[in-house]
1. When region 170-182 is examined, which residues are found to be part of a helix (DSSP H, G or I) and either surrounded by 14 or more Cβ atoms within 10 Å (Cβ to Cβ) or in contact with a helix residue (DSSP H, G or I) (Cβ under 7 Å, 6 or more places away or on another chain) (or both)?
2. Quick check on residue 103: is it farther than 28 Å from residue 238 by Cβ, assigned to a helix (DSSP H, G or I) and in contact with a helix residue (DSSP H, G or I) (Cβ under 8 Å, 6 or more places away or on another chain)?
3. Looking at region 213-266, which of the residues that are modelled with pLDDT under 90 and of a type in the set (Ser, Thr, Tyr) is nearest to residue 136 (Cα to Cα)?
4. Is there a residue being more than 16 Å from the chain's Cα centre (by Cα), touching a residue at least 60 places away in the same chain (Cβ under 8 Å) and surrounded by fewer than 22 Cβ atoms within 10 Å (Cβ to Cβ) anywhere in region 129-142?
5. State all residues of region 108-120 that are in contact (Cβ under 8 Å) with a residue 40 or more places away in the chain and surrounded by 13 or more Cβ atoms within 10 Å (Cβ to Cβ); if no residue qualifies, say none.
6. Would you mind finding the one in 185, 267 that is touching a Gly at 6+ places or on another chain (Cβ under 7 Å), over 19 Å from residue 84 (Cβ atoms) and of a type in the set (Ser, Thr, Tyr)?
7. So is residue 123 among the charged types (D, E, K, R), assigned to a helix (DSSP H, G or I) and on the phi < 0 side of the Ramachandran plot or not?
Amino acid sequence: MRSSNPVFTRRGFSQGGQAGFNAGAQHQTGSPYAGSPQNPYAQPANPYAQQQMGPDGTMMQPGAPARAGVMTIDSVVNRTAITLGTVIATAAVAWIMDLPLGIGIVCALVGMGLALWQSFKREPSPPLILAYAAVEGVFLGCISNAINQAVPGAAMQAVLGTMAVFAGVLFMYKQRIIRVNARFTKFVVAASIGFVLLMAINLIVALIGGGDGLGLRSGGLGILFGVIGIVLGACFLALDFKMVEDGVAYGAPEKESWLAAFGLTLTLVWIYLEFLRLIAILQGD
């Protein structure tokens, strides 16, 4: 089972989250998931997972101190900071220039195309990822400005909500309160497919019949589905953390740090938009 995050479906750092919380450590203590065929980075044939000779002549195990040219937590953090920084910078420009919402919608469509392009590429492309971040930032700046004018303070509340979800999920993940395993992954994938299908049907009905379609994005149902969307975003974050952790533990190439940053950015944008929509419904007239 692959991740619900499209960025990781072609890499599958831990396709289905089969490795435990600390993949490297569990590999040494007899975890039933270490070396699983579900995890390509844990395979004996994977050159990044091979035991390496350390400077003292001993064999290095998966999860040992980072070697040159492999993914590390620092490399993921740095790439994520660059990608999110690009999103924030272009969003600020769009907000300050008061760009019309129409431009934002065009940028959203372009961003969707760039995201799909990167998702189906065999290798991560930093220019493509940063281009996505730039146009997505313009979209976020436009829609945030428009909603904030109707509901003052909505954008800042959505930012704070997104930060709170990120911090909360990271804390619960590191404390093993959230355990990403095969059952968890299957549930998230099934729920996300159902959610996206319902939203697509709602949009089609709205385009054909006008109004708000099935009413899934306004009123009581809008609030309910907004909360569901945020919860799913939190689940996506847990999957992202798991896959980054496995990539680090099993020696994924350093270039995969850009892919990890891209996936985290996609998830954070999802959560922010769901918060923005929910706040607009709750505080709207």
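1. Once the filter is applied, which keeps residues that are part of a helix (DSSP H, G or I) and either surrounded by 14 or more Cβ atoms within 10 Å (Cβ to Cβ) or in contact with a helix residue (DSSP H, G or I) (Cβ under 7 Å, 6 or more places away or on another chain) (or both), region 170-182 yields 170, 172, 173, 182.
2. Details: farther than 28 Å from residue 238 by Cβ: yes; assigned to a helix (DSSP H, G or I): yes; in contact with a helix residue (DSSP H, G or I) (Cβ under 8 Å, 6 or more places away or on another chain): yes.
Yes, satisfied.
3. 218
4. Checked region 129-142: no residue is more than 16 Å from the chain's Cα centre (by Cα), touching a residue at least 60 places away in the same chain (Cβ under 8 Å) and surrounded by fewer than 22 Cβ atoms within 10 Å (Cβ to Cβ).
5. First pass over region 108-120, keeping only residues in contact (Cβ under 8 Å) with a residue 40 or more places away in the chain: 115-116, 118-120.
Across region 108-120, the qualifying residues are 115, 118, 119.
6. Numbers: 267 fails: over 19 Å from residue 84 (Cβ atoms).
After ruling out the rest, the residue left standing is 185.
7. On the way: among the charged types (D, E, K, R): yes; assigned to a helix (DSSP H, G or I): no; on the phi < 0 side of the Ramachandran plot: yes.
Taking the combined requirement at face value, the residue does not satisfy it.
For (1) hydroxyl-bearing (Ser, Thr, Tyr); (2) touching a Lys or Arg at 6+ places or on another chain (Cβ under 8 Å); (3) over 30 Å from residue 74 (Cβ atoms), each residue gets a yes or a no:
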| site | (1), (2), (3) |
| --- | --- |
| 180 | no, yes, no |
| 195 | no, no, yes |
| 213 | no, no, yes |
| 240 | no, no, no |
| 251 | no, yes, no |
| 254 | no, no, no |
| 260 | no, yes, no |
| 265 | yes, no, no |
| 275 | no, no, no |
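The values are calculated or read from the model by the stated rules, or taken from the named source; none is laboratory data. Only a predicted model underlies this, so the values are computations on that prediction, with no experimental measurement involved. Using ideal geometry, Cβ is built from the backbone for each residue, glycine included, and neighbour counts are taken over all protein chains shown.
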